[in-house]
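Trainee: Below: one structure in structure tokens.
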Amino acid sequence: MHNSQTIPLFKVFFFIFFFSVLCLKPVSSRTEVIDKVVAVVNDDIITLSEVEQEAEGLYRAIAQKNSGDSLLLALDKAREKTLDALIDKKLIIQKAKQFHVSVSQEEIDKAYEKVRARAGLDKTTFKKKLKESGMTEKMYRSNLETRLLQKKLISYDVRSKVVITEAMIVDYFDEHYTKKVKKGSFYLLQIGFTWDETGDPQKETENKEHALRTAERVHKLALSGQKFRKLAKKFSSLPSASDGGDIGIFTLDEMAPAMRKAVADLEPGAISDIVKIGSSFQFFKLLSGNKDAIIVTASYEDVKEEIKQKLYEKKLKEAYSDWVKKLKEKAYIRKL
């Protein structure tokens with residue numbers, strides 16, 4: 001890939017363009033006077049008016065948040081970012097032509113309507129929102145076409161090269177869904193219910209009693225055999241709820257006295273009594289305690305497809321980045 005340094009004259013033209021945008025002059029009138037080729041991508045060119053038109057909404061947002069030198073610096077970065085995006089766009093279109101990959105008007109229409117429907121806007125309001133962001137419907141449809149081409153090219157030239165093996169899934173499972181517990185340590189799940197210390201004794205007592213009643217109700221559900229992690233996610237008011245109550249591995253010395261008393265004599269799989277810890281009522285499930293063990297936090301079959309999808313998306317993203325990088329390396333790209 002060949003790149004030349006951006007010369008100051010381009011920046012002069014760019015800032016003339018930018019301030020003409022703020023004055024809301026018609027695009028055609030300003031491009032006829034000062035339009036300029038700013039990049040060559042193989043046999044295609046990118047003009048200053050294309051960069052300015054693509055980034056018009058971004059320029060406006062920057063102008064509202066910056067001034068002086070910071071404005072000029074932010075605009076310069078935005079222009080470079082937009083130009084790089086347009087270069088990528090040209091490369092994608094060129095590659096699509098090489099492979100005879102195309103996008104029909106029907107596909108673009110469907111994608112456009114899908115985005116509009118997801119936004120919950122009628123056609124008139126959607127067009128208005130596009131205009132407010134500095135984008136015409138024609139520009140937006142052009143961007144949609146590029147994204148659809150990109151998606152097809154990924155399927156054609158990238159996706160087939162991404163392979164997720166069983167060994168990769170197992171390695172991920174071992175790293176993220178198993179934990180080693182050494183002798184003398186306790187691997188615990190937690191459910192708890194807090195109350196606010198309001199300074200009002202009566203109100204605080206009511207809150208405390210409500211927290212205890214809730215704890216007792218959920219404690220019974222856990223003892224009846226319902227999955228502890230699901231109960232934690234659904235009911236617990238502690239930060240660990242998002243992790244299914246998983247608070248990790250502790251030694252007895254690391255535990256608060258009430259917590260230590262609750263779990264010290266538990267057998268693996270058992271659930272503790274409810275204990276008061278600070279401004280909360282809590283109970284625990286012991287996954288492993290006081291001996292060497294490897295704890296599996298989820299069934300392999302239950303999470304296998306989820307792991308495969310995560311690995312696939314990660315590898316696909318990496319493969320696509322490599323693909324674009326190679327496209328650029330093989331292309332003739334010159335910024336003027």
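Trainee: Within segment 268-279, is even one residue in contact (Cβ under 8 Å) with a residue 60 or more places away in the chain, in the same structural domain as Gly184 (by TED's automatic domain parsing) and crowded, with 16+ Cβ neighbours inside 10 Å?
Mentor: yes
Trainee: Please work out which residue is surrounded by the fewest Cβ atoms within 10 Å (Cβ to Cβ), limiting yourself to segment 59-100 and to residues that are touching a Ser or Thr at 6+ places or on another chain (Cβ under 9 Å), under 27 Å from Ser321 (Cα atoms) and hydrophobic (A, V, I, L, M, F, W, C).
Mentor: Ile93
Trainee: Report, ordered by the first and then the second residue, all pairs with beta carbons closer than 9 Å, sequence separation of six or more or different chains, a first member in segment 181-205 that is under 22 Å from Ser237 (Cα atoms) and part of a loop (DSSP other than H, G, I, E, B), and a second member that is at pLDDT 85 or above and acidic (Asp, Glu).
Mentor: Qualifying pairs under 9 Å: Trp195/Glu204; Trp195/Glu206; Trp195/Glu209; Asp196/Glu204; Glu197/Glu204; Thr198/Glu204.
Trainee: Here's another thing I want to ask about it. Among the residues that make up segment 204-226, is at least one of them buried (at least 19 other Cβ atoms within 10 Å of the Cβ), in contact with a Phe, Trp or Tyr (Cβ under 8 Å, 6 or more places away or on another chain) and β-branched (Val, Ile, Thr)?
Mentor: Looking through segment 204-226, at least one residue is buried (at least 19 other Cβ atoms within 10 Å of the Cβ), in contact with a Phe, Trp or Tyr (Cβ under 8 Å, 6 or more places away or on another chain) and β-branched (Val, Ile, Thr).
Trainee: Check whether at least one residue in segment 96-118 is among the aliphatic types (A, V, I, L, M), assigned to a helix (DSSP H, G or I) and free of Cβ contacts under 8 Å to residues at least 12 places away in the same chain, and report yes or no.
Mentor: yes
Trainee: I would also like to ask the following. Between Leu130, Leu75, Leu144, Leu121, which is within 23 Å of Ile333 (Cβ to Cβ) and touching a helix residue (DSSP H, G or I) at 6+ places or on another chain (Cβ under 9 Å)?
Mentor: Leu75
Trainee: Right, here's the next one. Considering each residue of segment 148-167, count those that are of a type outside the set (Asp, Glu), in contact (Cβ under 8 Å) with a residue 12 or more places away in the chain and surrounded by 13 or more Cβ atoms within 10 Å (Cβ to Cβ), and give that number.
Mentor: 11
The values are calculated or read from the model by the stated rules, or taken from the named source; none is laboratory data. Model, not experiment: these values are computed from the prediction. Quick reminder, even Gly has a Cβ in these numbers, built from the backbone with ideal geometry, and neighbours come from all protein chains shown.
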